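Okay, so here's the structure we're looking at.
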Amino acid sequence: MTREAPQRSGHTDLGRRVAARRTSVGMSREELGHRCGANASYIVYLEEHAASAPVGTLVRVADALGVTVDDLTGASVDRVPGRVTARSDTALVGLDEAECRRLIGTHGVGRIAVLTKDGPGVFPVNYLVAGADIAFRTAAATPAAKAVDTEAAFEIDSIDDVTASGWSVLAVGCLTAVTDDRVLHRLDATAHSHPWAGGPRTRWMTLTPVRLTGRSVGPGHE
């Protein structure tokens, strides 16, 4: 049995983004190549040497990785979303609870809003869905950890400048600290990634929604 050679991260910005996304979703180069109609050697080239690639290839790779071409090329990094002109046929509609729960399950980063000694505070967190709860890790001294056993809000959204559409979901409930060892072990095993903020963020917190609402804006219907 041969051991796969260590895979280097990309040497170009495009290569680094492809490699980072592929690694984060647990996909091998062979699997990515199969999904986008290329072989593993081309994925190696794309990650380690290519400064650019044909648009058609980027579209297939981005689709296989579940991101956009702009995400892979970095074109969307400094772009402030929501500045395009609104369409004349858009409409704002409410989302039912089932759709809100489905949308929460599609993301990995959201915002937790708590009341601090200095007033309301909103903080980005990496999160996961654990049954009916929204769970995230933080450090003991953070405002979120200090807000244990108080009412808090959690929000996620998505904006598409191309279609001038988007949605947002808001969950409100009590913020609690997880202390059960079995639950802690399950959350650690389920977590897709470490918190982006880094450091010893080992305190798991959960928010159990008592109110879950959402809205979407997009092309209206006659």
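The values are calculated or read from the model by the stated rules, or taken from the named source; none is laboratory data. Please read all numbers here as calculations on a predicted model, not as lab measurements. Neighbour counts are summed over all protein chains in view; Cβ atoms, including those assigned to glycine, are modelled from backbone coordinates with ideal geometry. All accessible areas refer to the heavy atoms of the entire protein, side chains included, with ligands and DNA or RNA removed. Shrake-Rupley method; radii C 1.70, N 1.55, O 1.52, S 1.80 Å.
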*Select from the stretch 168-182 the residues that are touching a residue at least 24 places away in the same chain (Cβ under 8 Å) and out of contact with any Pro (no Cβ under 8 Å at 6 or more places or on another chain) and write down the one among them that is farthest from P124 (Cα to Cα).*
V178
*Where residues in the stretch 151-163 are open to solvent by less than 50 Å² (accessible area, probe 1.4 Å) and among the aliphatic types (A, V, I, L, M), which of them is nearest to A98 (Cα to Cα)?*
I156
*Taking only the stretch 17-38 into account, find how many residues are open to solvent by less than 20 Å² (accessible area, probe 1.4 Å), part of a helix (DSSP H, G or I) and either over 14 Å from T57 (Cβ atoms) or hydroxyl-bearing (S, T, Y) (or both).*
3
*Filter the stretch 175-195 for residues that are hydrophobic (A, V, I, L, M, F, W, C) and open to solvent by less than 60 Å² (accessible area, probe 1.4 Å); which is modelled with the lowest pLDDT?*
A191
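Look at R215 and say whether it is touching a residue at least 12 places away in the same chain (Cβ under 8 Å) and of a type in the set (K, R).
Against the criterion (touching a residue at least 12 places away in the same chain (Cβ under 8 Å) and of a type in the set (K, R)), R215 qualifies.
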*Scan the stretch 54-72 and give yes if some residue there is farther than 22 Å from S158 by Cα, open to solvent by 30 Å² or more (accessible area, probe 1.4 Å) and modelled with pLDDT under 85, otherwise no.*
no
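Name the residues in the stretch 125-150 that are assigned to a loop (DSSP other than H, G, I, E, B) and either surrounded by 14 or more Cβ atoms within 10 Å (Cβ to Cβ) or touching a residue at least 12 places away in the same chain (Cβ under 8 Å) (or both), would you?
Across the stretch 125-150, the qualifying residues are A132, A139, A140, T142, A147, V148, D149, T150.
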*Considering each of G198, G166, G214 in turn, give the residue that is modelled with pLDDT under 85 and open to solvent by less than 50 Å² (accessible area, probe 1.4 Å).*
G198
_Total residues in the stretch 153-188, condition in a loop (DSSP other than H, G, I, E, B), of a type in the set (S, T, N, Q) and either within 20 Å of the chain's Cα centre (by Cα) or closer than 19 Å to H107 by Cβ (or both)_ = 1
*asked:* Looking only at residues that are open to solvent by 80 Å² or more (accessible area, probe 1.4 Å), modelled with pLDDT under 95 and of a type in the set (A, V, I, L, M, F, W, C) in the stretch 87-124, which one is nearest to D13 (Cα to Cα)?
replied: L92
*asked:* Take the residues in the stretch 50-62 that are in contact with a helix residue (DSSP H, G or I) (Cβ under 7 Å, 6 or more places away or on another chain) and not small (G, A, S); name whichever of them is nearest to G26 (Cα to Cα).
replied: V61
